[in-house]
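Inspection log for the structure reproduced underneath, given as structure tokens.
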């Protein structure tokens, strides 16, 4: 049996896809590419934007065109919040919501068995023209109260260099533009012992960077009855023995300023194995827009976190997300956003144009910003953010850094520093964690030489 996967969205989705793959491999299935002929196509969807929904539907149809007889199974956040919409697509045979992803292998096997039995009983239908009944297995949000055990991942997702580990599920922030709390349910944290065991196994297998990820990673250990905090978990990982003569490092996928303040962050960043980089989503630079977004901080409070990071390490890498064109955003609001990008000296800024999501508070707001204005502001912001990022990289010239070498690219080996600057270098092999001296700007990063 051949199984193909297509994954959209966040690192949590990619982690969960790896776990699902391993469950199929353990039953003897062959994993093939998403464009290959397969018996089953599993689409792990995202619903952060309307574009993500559309991409999910496009691949569902493409999979069925590759093999009209294939079983198409859809899971993930789009499947969770719009199962009825997906069930109307004739290409789909199985819909599995969040909280039941660990069951997908068994559900697919059962579905194939039923399909084979029905085909043996009634072989009169034309090849590729039968429409299977669509099974929908989606738990309501109020039942997503448990941390779903996907099993331990035996291999990372970035060759033999970086591995992602999911440590947290759910969100209770309810930002007014976001569907994720509805798709993922309330906050649940993974047991610390399971995380430590998985990190130890992956490091023992040769991975030199472990990325801790979650739906809202900063909420790890904040729910009632949680066994430990994020800082305590990082302490446990600091205490793990180094593998042989080399060491490994820990990276946090993101922290939310809706959850943490300067004091929280200062407690977290002092852990010795933690990379000096945080993805800290500001989303907007205007206090009025932040309030309308239901973000629980002000511009000044966000910049206070940035100040704390840079006092600890002047070269601390900070990346961010920004939404332009939120309802009611004025030119003055947009200027505030441009200013915060410059003031925070972001190493990278991901710019998104606001799109209303049905079911969120933001979708009911008036004073919509015209698409032409959103597009113009996004272009201005992207240009300004790239210049700020170049200035940040330029400030690192001549300094030493530890780089994880990952892959070959146009004659250079490439990798990332702890503060998340891309490095182009000659000499080291993939998988090495080596000390380099950073040089001048080059492409989307900097050149470097081994110290």
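Return the residue satisfying two criteria in turn: it lies in the range 183-198 and is part of a helix (DSSP H, G or I) and over 17 Å from the mean Cα position of the chain (by Cα), and of such residues it is surrounded by the most Cβ atoms within 10 Å (Cβ to Cβ).
First, the residues of the range 183-198 that are part of a helix (DSSP H, G or I): 183-184, 192-198.
Cutting the leftovers down to over 17 Å from the mean Cα position of the chain (by Cα) gives us 192-198.
Numbers: 192: 19, 193: 11, 194: 14, 195: 22, 196: 15, 197: 12, 198: 20.
Ranking the candidates gives 195 first.
Among the residues of the range 204-221, which ones are outside any strand (DSSP E or B) and within 16 Å of the chain's Cα centre (by Cα)? Spell out the reasoning first.
Step one: filter the range 204-221 for residues outside any strand (DSSP E or B), giving 204-208, 215-221.
Hits for the range 204-221 are 215, 216, 217, 218, 219, 220.
Kindly evaluate residue 3 against the criterion of being over 24 Å from residue 198 (Cα atoms) and either outside any helix (DSSP H, G or I) or in contact with a strand residue (DSSP E or B) (Cβ under 8 Å, 6 or more places away or on another chain) (or both).
For residue 3, the condition - over 24 Å from residue 198 (Cα atoms) and either outside any helix (DSSP H, G or I) or in contact with a strand residue (DSSP E or B) (Cβ under 8 Å, 6 or more places away or on another chain) (or both) - is met.
Of the residues that make up the range 405-415, is at least one under 30 Å from residue 175 (Cα atoms) and either assigned by TED's automatic domain parsing to the domain that holds residue 177 or surrounded by 15 or more Cβ atoms within 10 Å (Cβ to Cβ) (or both)?
no
Just one of the numbered conditions (1) under 18 Å from residue 102 (Cβ atoms); (2) surrounded by fewer than 21 Cβ atoms within 10 Å (Cβ to Cβ) is not true of residue 44; which one?
The failed condition is (2).
Working only within the range 47-56, note down all residues that are in contact with a helix residue (DSSP H, G or I) (Cβ under 8 Å, 6 or more places away or on another chain) and either surrounded by fewer than 21 Cβ atoms within 10 Å (Cβ to Cβ) or not assigned by TED's automatic domain parsing to the domain that holds residue 113 (or both).
48, 52
Surrounded by 15 or more Cβ atoms within 10 Å (Cβ to Cβ) and farther than 21 Å from residue 141 by Cβ: which single residue out of 219, 233, 179 fits that description?
When all the criteria are applied, what remains is 233.
Picking from 92, 74, which residue would you name as being within 25 Å of residue 150 (Cα to Cα), touching a helix residue (DSSP H, G or I) at 6+ places or on another chain (Cβ under 9 Å) and not in a loop (DSSP other than H, G, I, E, B)?
When all the criteria are applied, what remains is 74.
Whether any residue in the range 72-79 is closer than 14 Å to residue 5 by Cα, in the same structural domain as residue 23 (by TED's automatic domain parsing) and surrounded by fewer than 17 Cβ atoms within 10 Å (Cβ to Cβ) is what I want to check.
Filtering the range 72-79 for residues closer than 14 Å to residue 5 by Cα gives 72-76.
If we keep only those that are in the same structural domain as residue 23 (by TED's automatic domain parsing) as well, we get 72-76.
Those still in the list that are surrounded by fewer than 17 Cβ atoms within 10 Å (Cβ to Cβ) too: none.
No, the range 72-79 has no match at all.
Residues that are under 25 Å from the mean Cα position of the chain (by Cα) and more than 20 Å from residue 282 (Cβ to Cβ), at least 2 per element: which strands (runs of 3 or more DSSP E) completely within the range 330-425 meet that?
400-409, 412-417, 422-425
The values are calculated or read from the model by the stated rules, or taken from the named source; none is laboratory data. All figures in this text were calculated on a predicted structure; none of them were measured in a lab. So basically every Cβ, Gly included, is an ideal-geometry build from the backbone, and we count neighbours across all protein chains shown.
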